[in-house]
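Report on the following structure.
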Amino acid sequence: MRAAILNGPGDVNVETVPDPGLADSTSVVVEVSHTAICGSDLHLYHGLHGSPGIHLGHEFVGRVVAVGDDVRTLTLDDRVLVSAVIGCGRCAQCLGRNPVRCTSGPRVFGNGLDLPGGQAELVAVPAADTSCRLLPHPVTPEQAVMLTDILPTGYYGARNADIRPGDTVAVLGLGPVGIFALQSAQVMGAARVLAVDTVPERLAHAERLGAIPVDATDGAGTVAAILDHTAGRGADSVIEAVGIDQTISDALYATRAGGTVSVIGANLGMEFAFPMGLAFLRDLTFRIGLCPVQSTWDELIPLVATGRLAPEQVVTHRMALSDATEAYRLFEAREDGVLKVLLDPTR
Ligand SMILES: [Zn+2]
Ligand SMILES: [Zn+2]
């Protein structure tokens with residue numbers, strides 16, 4: 001089969017590799033029909049924590065073409081979406097749909113050599129009963145790809161933000177995940193969403209969705225702008241969807257006393273200077289975590305199926321898997337208004 005392989009920083013190529021087989025009796029093999037490149041794939045692309053030979057991709061959907069003997073919920077030819085993050089499939093946390101808290105630890109497709117990813121024609125999916133969900137009618141495959149990671153992550157960020165009807169919520173970072181956090185905050189009843197970024201097209205997109213665009217390059221910056229919009233109090237909740245220390249710090253300083261900071265931007269740093277006195281004296285709640293994708297499906301699938309959320313709208317580019325080298329280059333360079341790239345493994 002063909003797969004997008006990362007051999008070093010900035011070095012992605014489509015190569016022919018052996019077909020994957022069933023890893024064990026609880027796994028399935030999925031023939032990928034739609035897959036996406038994620039902002040977090042760029043961390044690997046930049047060589048931050050990658051090893052050579054990684055099969056990239058953690059966002060994919062497709063058709064089941066092989067089934068282990070102990071898989072109970074899936075059969076051949078089923079169309080499925082697959083969670084980007086999986087666990088052992090047996091512990092109480094996995095059975096409760098939280099693979100991030102799996103007692104054996106979570107694993108993410110396409111982030112190491114042990115779990116090859118989905119920017120490929122075929123993928124082996126372990127613990128299939130807890131990792132997959134039948135593609136629910138009338139959700140389209142393109143919508144389903146968004147349900148494998150980024151829509152759940154944005155939604156999880158809003159769920160962790162303690163949003164109540166009438167609240168003012170700020171979202172820092174308007175990539176696809178930030179956009180989904182914005183829309184989730186609206187679904188949860190936020191009266192106002194302050195949408196913060198520095199890229200004009202992203203601010204315009206947020207404004208079209210009914211948010212108040214806040215250009216962080218204007219004036220004294222993010223914190224001052226949010227205080228300005230909230231009569232100096234700060235937002236009821238701030239969702240951080242960038243993943244750098246500065247925006248996490250901004251989130252803490254822009255939240256009102258008694259409010260909640262929710263961090264979903266991936267930040268693997270270990271040296272963050274947490275403003276303890278601020279959080280202590282302002283009675284702040286701080287939440288951060290990798291999204292347990294499966295735990296959001298019962299809520300998000302109906303919202304997508306009824307058109308309340310239309311996550312496919314973030315897709316700006318549809319390319320062939322064979323063009324993965326160019327797709328990564330374009331995505332990394334932020335050329336051509338790119339927000340989200342889908343790859344078609346049949347081409
Ligand atoms: Zn992703
Ligand atoms: Zn587990």
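Across all directions, the average projected area of the convex hull around the alpha carbons of segment 208-346 is 11.7 nm². The dipole here belongs to segment 1-107: it is taken about the Cα centre, uses +1 on the Cβ of Lys and Arg and -1 on the Cβ of Asp and Glu, and is about 420 debye. The slack in the chain from Val187 to Asp70, taken as 0.36 nm per residue of separation less the alpha-carbon distance, amounts to 38.3 nm. The trypsin sites (Lys or Arg not before Pro) of segment 69-144 meeting both criteria, a DSSP state outside H, G, I, E and B (loop) and at most 12 other C-beta atoms within 10 angstrom of the site's C-beta, are Arg72. Taken about its Cα centre, the chain carries a charge dipole of roughly 860 debye when the Cβ of each Lys and Arg holds +1 and the Cβ of each Asp and Glu holds -1. Here, P(r) means the percent of Cα pairs in each 5 Å bin from 0 to the largest distance; for segment 154-288 it is 2, 12, 24, 27, 22, 10, 3, 0. For segment 154-288, the relative contact order comes to 24 percent (Cα pairs under 8 Å, sequence separation of at least 6). With distances taken between every two different alpha-carbon atoms, segment 1-160 has a Kirkwood hydrodynamic radius of 15.7 Å. The ranking of Thr230, Thr260, Thr148, Thr140 from fewest to most other beta carbons within 10 Å of each one's beta carbon is Thr140, Thr230, Thr260, Thr148.
Ordering Leu42, Ala124, Thr168 by Cα displacement along the dipole of the chain toward the positive end leaves Thr168 in first place; charges were set at the Cβ atoms of Lys, Arg (+1) and Asp, Glu (-1). Applying 1/(1 + (r/R0)^6) with R0 = 35 Å to the Cβ-Cβ distance of Ala257 and Thr103 gives a FRET efficiency near 0.40. Among Thr130, Thr325, a tally of other beta-carbon atoms within 10 Å of each Cβ gives an order, fewest to most, of Thr325, Thr130.
How big is D for segment 117-176, in µm² s⁻¹ as a whole number, if Stokes-Einstein is applied with the Kirkwood radius of its Cα pairs at 10 °C and 1.306 mPa s? Calculated translational D: 110 µm²/s. Relative contact order of the chain: 18 percent, from C-alpha pairs under 8 Å at least 6 residues apart in sequence. Along the chain, the exposed loop sites are GluC sites (Glu not before Pro) outside DSSP states H, G, I, E and B with at most 11 other Cβ atoms within 10 Å, and the longest stretch free of them is 1-270. Taking amide H as placed 1.01 Å from N in the peptide plane, Asn160 has no amide H partner under 5 Å among residues 5 or more places away or on another chain.
Close amide H partners of Ile54, meaning residues 5 or more places away or on another chain with modelled amide H under 5 Å apart, are Leu6. The sum of -39500 (n - 2.57) across all DSSP H runs of n ≥ 4, divided by the residue count of the chain, sets its helix-only mean residue ellipticity at 222 nm to -7000 deg cm²/dmol.
Normalised size of the chain, defined as Cα radius of gyration per 2.2 N^0.38 Å with N residues, equals 0.98. Between the amide H of Arg318 and those of Leu342, distances stay under 5 Å, these residues lying 5 or more places away or on another chain, with hydrogens modeled in the peptide plane. When the Cα positions of Leu321, Ala195, Gly269 are compared along the charge dipole of the chain, Ala195 comes out farthest toward the positive end, with charges on each C-beta of Lys, Arg, Asp and Glu.
Values quoted throughout were computed directly from the atomic coordinates according to the rules given, and no laboratory measurement underlies them. Everything quoted here is computed from the prediction, not taken from an experiment. With ideal geometry, Cβ positions are generated from the backbone for all residues, glycine too; neighbour counts draw on all protein chains shown.
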